[in-house]
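The structure under discussion appears below in the form of structure tokens.
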Amino acid sequence: NSSDAGGAIHSQGIDLTLSDSTLTGNDGGDGAGGAIYFSGGALTLDAVTLRSNAAYYGGGLSVFEATLTVTDSTLDANEADDGLGGGLYLDDVEASLTGTTVSGNQAADGGGVKVEEMARRMVDLGV
């Protein structure tokens, strides 16, 4: 799948929960969120794998002005080669990551995670 924002999922202004899912091989192009672009509302990922996705901002996942809760998930082998946040890009986000592994991602800035303005509360992150 490919798009300029959210190769697999583009969501704005709602609450969204994904469980026991794998998103792989998606492309957000020069935009944000190789697998998922999320803005506004609350995003919850539980036992989700984001693998081998690509975008300029957040190869795996980009979240803006929202609340993010990630539990027992994996962000692996995602790319933002010339961009920001290989695995995860956060901008103005309240984030809680528990039991989550971020590995093998690459970016020009923030290979695993790129945190911008006002992102907070990252807990128990296996980097």
Determine whether G111 is open to solvent by less than 40 Å² (accessible area, probe 1.4 Å), of a type outside the set (S, T, Y), in contact (Cβ under 8 Å) with a residue 12 or more places away in the chain and assigned to a loop (DSSP other than H, G, I, E, B). yes
Give the residue that is modelled with the highest pLDDT, with candidates limited to residues of the stretch 114-127 that are surrounded by 14 or more Cβ atoms within 10 Å (Cβ to Cβ) and part of a loop (DSSP other than H, G, I, E, B). E116
Subset of the stretch 30-41 (residues that are in a loop (DSSP other than H, G, I, E, B) and either open to solvent by 40 Å² or more (accessible area, probe 1.4 Å) or within 19 Å of D92 (Cβ to Cβ) (or both)): D30, G31, G33, G40, G41
Being farther than 15 Å from T71 by Cα, in contact with a strand residue (DSSP E or B) (Cβ under 6 Å, 6 or more places away or on another chain) and open to solvent by 20 Å² or more (accessible area, probe 1.4 Å) is the filter here; which residues of the stretch 89-108 pass it? D91, D92, S103, G104, Q106, A107, A108
As an exercise: evaluate T44 against (1) surrounded by 19 or more Cβ atoms within 10 Å (Cβ to Cβ); (2) over 10 Å from the mean Cα position of the chain (by Cα) and give the number of the one condition it does not meet. (1)
Residue among G58, G111 that is out of contact with any Lys or Arg (no Cβ under 8 Å at 6 or more places or on another chain) and of a type in the set (G, A, S): G111
Within the stretch 47-59, can one find any residue that is modelled with pLDDT of 95 or more and more than 18 Å from G111 (Cα to Cα)? yes
Is it fair to say V48 is aliphatic (A, V, I, L, M) and either closer than 15 Å to V113 by Cβ or touching a Gly at 6+ places or on another chain (Cβ under 6 Å) (or both)? no
Can you tell me which residue in the stretch 68-88 is farthest from Y37 (Cα to Cα), limited to those that are open to solvent by 10 Å² or more (accessible area, probe 1.4 Å) and modelled with pLDDT of 95 or more? D72
With the requirement that a residue be part of a loop (DSSP other than H, G, I, E, B), open to solvent by less than 40 Å² (accessible area, probe 1.4 Å) and not small (G, A, S), what does the stretch 8-29 give you? N26
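The values are calculated or read from the model by the stated rules, or taken from the named source; none is laboratory data. As the structure is a computational prediction, the values presented were derived from the model and not from experiment. Counting neighbours? That spans all protein chains shown, and the Cβs are built from the backbone with ideal geometry, glycine included. We work out accessible area using only protein heavy atoms, side chains counted, and drop any ligands, DNA or RNA first. Shrake-Rupley method; radii C 1.70, N 1.55, O 1.52, S 1.80 Å.
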